[in-house]
């Protein structure tokens, strides 16, 4: 799937492709819109309203530059030439997740493109990439209160592994739970 994966969705063509540094702003736009839609009841409104595409663009430029060195790949979902979603990952950040392993750091789709199979296609592209590189374990963190996301991950075979952490953000603390997917490498 790294070379590009296409599927027909809602009468328009969907392309999943490896992100490049030129995608940084589009990814930042999706990230901000995704956070504001997904976490409205989890994080404070003033924090969500303060998110800015410009600062996220700079952060994603750094991430995508590291990917060119082979460390933190990301993929975008494009529909009609417009980036409508993304997923990014890399080495696990937790000491108790032992190699060969990887972590999904972020996955978001634009609110008007949700529930159309984009998240599934993005996550499948990332999982296929990591499986192809010998990864046996994938993990990701999700807000405990984000039941929609948790249901999505569980439908794709991910399961909570018992790890929890408090994330300080926007002047409040929100609990995250870690999900794990054991892969079959060949």
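The values are calculated or read from the model by the stated rules, or taken from the named source; none is laboratory data. Predicted, not measured: the structure shown is a model, and the values here were computed from it. When we count neighbours, we look across all protein chains shown, and the Cβ atoms used for this are built from the backbone with ideal geometry, even at glycine.
Taking (1) at pLDDT 95 or above; (2) part of a helix (DSSP H, G or I); (3) closer than 25 Å to residue 117 by Cα in turn, residue 15 satisfies each apart from (2).
Pairs meeting the criteria (first residue in segment 51-65 and touching a residue at least 40 places away in the same chain (Cβ under 8 Å), second residue part of a helix (DSSP H, G or I) and surrounded by fewer than 17 Cβ atoms within 10 Å (Cβ to Cβ), beta carbons under 7 Å, at least 6 apart or on different chains) are 61/21; 64/21; 65/21. In the condition set (1) farther than 18 Å from residue 183 by Cβ; (2) crowded, with 18+ Cβ neighbours inside 10 Å; (3) in contact (Cβ under 8 Å) with a residue 60 or more places away in the chain, residue 80 is compliant with all but (2).
Could you grab me the full set of residues in segment 51-84 that are at pLDDT 95 or above, under 17 Å from the mean Cα position of the chain (by Cα) and either at positive phi or assigned to a loop (DSSP other than H, G, I, E, B) (or both)? Those that are at pLDDT 95 or above, under 17 Å from the mean Cα position of the chain (by Cα) and either at positive phi or assigned to a loop (DSSP other than H, G, I, E, B) (or both): none in segment 51-84.
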